[in-house]
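Rule-based calculations on the coordinates, nothing more; no lab input. Bear in mind the structure is a predicted one, so any value in this text is a computation, not a measurement. Don't worry about glycine lacking a Cβ; one is built from the backbone with ideal geometry, like all the others, and counts go over all protein chains shown.
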Amino acid sequence: MKRQRTSWNNWLLISGVILLAIIPLLAIRDSEFSGADGQAEAVIGDIQPEYEPWFEPLLAPPGGETESLLFALQAGIGAGTIGYAIGLYRGKSERNSTFK
Amino acid sequence: MKTKQRISLGLITATSVTVTILAAPPAQAMHIMEGFLPVTWAIFWWILFLPFFLLGLRSLNQITKDYPELKLLLALAGAFTFVLSALKIPSVTGSSSHPTGTGLGAVLFSPLIMTVLGSFVLLFQALLLAHGGLTTLGANAFSMAVVGPMVAYGLYHLVLRINGRQTVAIFLAAAVANLITYVVTSLQLALAFPAPEGGILSSFIKFAGIFAVTQIPLAISEGLLTVLVWNWLVTYSQEQLQVLNQIKLKLL
């Protein structure tokens, strides 16, 4: 009974996250949704126009494609690890409850 | 087909315009970009951050040695930050940012252990993705991996004492930790770049307007996702959580 309630809650949580991401996309049409950092860079340019970054990234992805590959890889590895851990815990707890 | 072509043409133009105007590396860090903190500030934040990292490393070594059965849970906490930092989510301000995912590990283990896990994520992104940076790693780690987790931990226990509901406490802890991270980022930028008129405060309002407002819906998302994983853990891994509860005081 208790487990059913949490799983229902979990679907609510997931839909909340999805809604929060979709609403801005629907509400604001004339935007590219670029990174907030780019805007911060522009503000720095406003405040101190003469400021020059004194260090460059050692390795930068050559373009958007490679960058998105690396981001996807990062999310994939993380999600895989979470899935593995939760799956293992679930298997263990189910085995324990059947033995009892 | 025609609209598709138009969209891609528009995108190509927009991208090339942005690239030429800004002439910046493709980095889209929500953290402070490489080289964008003056040398003295970069060093200052590095010095402030390092003691927390070293203490966290010691605590992490201790826990993996004494309680090897908790390694999987540790990996899960690390993986959670890893995933969330990769998700750039559109926000109400028309720009994108990503969650931090530091609340879960801070509450499960301790803020200091989360300092180590969060720093590794930042290092990965600085080295491979040109996202954030090595010179700004001290500042970024201080906001995301030191202050964020500390606030999460404190708030979790405070709310638990007042309200008594674990899910409410974990939601607030994760959401506020996320927001605070970017408030600290704004403060770090304001300290380094005070406005000619109005000084640090006026700069802070400008930076906070960019970072913190964008972050509000993301903070809520992060809170919801943290509760989701928390629910799974409560349902399936009571054993580990009990071990953690017993050793919690030792971790601090």
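Between helix A:64-99 and chain A there is an angle of about 20 degrees, using the helix long axis and the longest principal axis of the Cα atoms. Counting Cβ atoms of other protein chains within 10 Å of each residue's Cβ and taking the mean over peptide B:134-142 gives 1.
Principal axis extents of the C-alpha atoms in region B:27-251 (largest first, rounded to whole Å): 56, 34, 31. Length gained on full extension, B:Ser202 to B:Val92, computed as 0.36 nm times the residue gap minus the Cα-Cα distance: 37.3 nm. With each label modelled as a point 7 angstrom along the Cα→C-beta vector, the A:Asp30-A:Glu94 pair spans 5.3 nm. If the segment from B:Arg165 to B:Thr40 were pulled out straight at 0.36 nm per residue, it would be longer than the present Cα-Cα gap by 40.6 nm. Percent of alpha carbon pairs in region B:193-252 separated by more than 15 Å? Every Cα pair in region B:193-252 considered, those over 15 Å come to 70 percent.
Distance from the Cα centroid of region A:80-95 to that of region B:46-69 is 26 Å (rounded to whole angstrom). Residue exposure proxy: B:Phe80, B:Phe120, ordered by other Cβ atoms within 10 angstrom of their Cβ from fewest to most, comes out as B:Phe120, B:Phe80. Helix A:2-27 and the longest principal axis of the C-alpha atoms of chain A enclose an angle of approximately 20°.
The tail of the calculated P(r) for region A:1-49, taken as Cα-Cα distances beyond 13 Å, holds 71 percent of the pairs.
Using alpha carbons only, the radius of gyration of the protein assembly as shown set against its Kirkwood radius gives Rg/Rh = 0.99.
Of B:Met33, B:Met144, B:Met114, which is the most mobile in a GNM of chain B whose springs link Cα atoms less than 10 angstrom apart? For chain B, modelled as a Gaussian network with Cα springs under 10 Å, the answer is B:Met33.
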